[in-house]
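K.L.:
The following block contains the structure, expressed as structure tokens.
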Amino acid sequence: MAESVSGKYSVTAVNVSDEDTIAAFSEVHRAAFEAQNENGWAEKSIKSSLEISGTAGFVFKDGEQTVGALMVRTVCDESELITVAVHPEWQLKGVGKWILSFMVDYLKGQNVATCFLEVRQDNLKAVSLYSKIGFVQVGFRRGYYQNREGKRTDALLYSFDLLNKK
């Protein structure tokens, strides 16, 4: 487990064998996604995702409280933001922006040129944040997401050019 204090929050890289950090990732992910009527990730899903080559996960804490989680996957010079979660009690307080800034710095350090993501069209907080950070919408997938009640929502596809952003 690699841990560092990077600015305001402590950052822990998630290792597939670190049960405590995986549990913290799952806890914050479930809290964030279930607040939007979606299913958060179970520990088993986090582990299996981390086992895929090029995947990195991070947990963010303020003191002892887990405030967010992030997972990215990199292949060559492209990366995909697999998931990002901010605990509902910490949303709209700058945590998401801070996590995405961390991600940009991390990916630049990995020599990534472009980062992609997809987001539910009706996740207005996330859509707004991604646009403010500098992600640009490049497409959509009709009916891609389905919530726990079976309602389908489009996915918006975004891209971020890491080579031309400071």
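The values are calculated or read from the model by the stated rules, or taken from the named source; none is laboratory data. These figures come from a predicted structure and were not determined experimentally. Don't worry about glycine lacking a Cβ; one is built from the backbone with ideal geometry, like all the others, and counts go over all protein chains shown. Quick note on the areas: whole protein, heavy atoms, side chains included, nothing else; ligands and nucleic acids left out. Shrake-Rupley method; radii C 1.70, N 1.55, O 1.52, S 1.80 Å.
K.L.:
For the chain, set up a Gaussian network in which alpha carbons nearer than 10 Å are linked by springs, and say which option among Gly54, Gly139, Gly150 fluctuates the most.
P.N.:
Result: Gly150 has the largest fluctuation of those listed.
K.L.:
Glu51: net charge of surrounding residues, Cβ under 12 Å, Lys/Arg +1, Asp/Glu -1, itself excluded?
P.N.:
On the way: positive: Lys44, Lys47, Arg73; negative: none.
Value of the local net charge: +3.
K.L.:
To the nearest 20 debye, what charge dipole does region 1-95 have about its Cα centre, counting +1 at the Cβ of each Lys and Arg and -1 at the Cβ of each Asp and Glu?
P.N.:
Working: 7 positive and 15 negative charges, 30 e Å.
Its charge dipole is roughly 140 debye.
K.L.:
Determine the distance separating the Cα centre of region 28-53 from the Cα centre of region 139-166; give it in Å without decimals.
P.N.:
Here the answer is 17 Å between Cα centres.
K.L.:
Counting other C-beta atoms within 10 Å, and keeping those with at most 13, which DSSP coil GluC sites (Glu not before Pro) do you find in region 75-116?
P.N.:
Values: sites: Glu78, Glu80, Glu89; in loops: none.
Those that pass, being in a loop and sparsely packed, number zero.
K.L.:
What does the charge count near Glu149 come to, summing +1 for each Lys or Arg and -1 for each Asp or Glu among other residues with Cβ under 15 Å from its Cβ?
P.N.:
+1
K.L.:
Could you pull out the trypsin sites (Lys or Arg not before Pro) across region 1-93 that fall in loop regions by DSSP (anything but H, G, I, E, B) with no more than 14 other Cβ atoms inside 10 Å? Walk me through the intermediate numbers first.
P.N.:
Details: sites: Lys8, Arg30, Lys44, Lys47, Lys61, Arg73, Lys93; in loops: Lys8, Lys93.
When the trypsin sites (Lys or Arg not before Pro) of region 1-93 are filtered for loop state and at most 14 Cβ neighbours within 10 Å, Lys8, Lys93 remain.
K.L.:
May I ask you to rank Val75, Val104 by accessible area, largest first, using a 1.4 Å probe over the protein chains only?
P.N.:
Numbers: Val75 95, Val104 15 Å².
Final ranking, largest accessible area leading: Val75, Val104.
K.L.:
Another question, then. How about region 94-155: which trypsin sites (Lys or Arg not before Pro) there lie in a loop by DSSP and see at most 15 other Cβ atoms within 10 Å?
P.N.:
Working: sites: Lys97, Lys108, Arg120, Lys125, Lys132, Arg141, Arg142, Arg148, Lys151, Arg152; in loops: Arg148, Lys151.
Of the trypsin sites (Lys or Arg not before Pro), the ones in loops of region 94-155 whose Cβ has at most 15 other Cβ atoms within 10 Å are Arg148, Lys151.
K.L.:
Continuing with this model, one more query. Note down the relative contact order for the chain as a percent, whole number, built from C-alpha pairs under 8 angstrom at least six residues apart.
P.N.:
Details: 298 pairs, mean separation 28.1, N = 166.
This gives 17 percent for the chain.
K.L.:
Another question, then. Could you tell me the accessible area of Ser101 in Å² (1.4 Å probe, neighbours in place), rounded to the nearest ten?
P.N.:
For Ser101, solvent-accessible area is about 50 Å².
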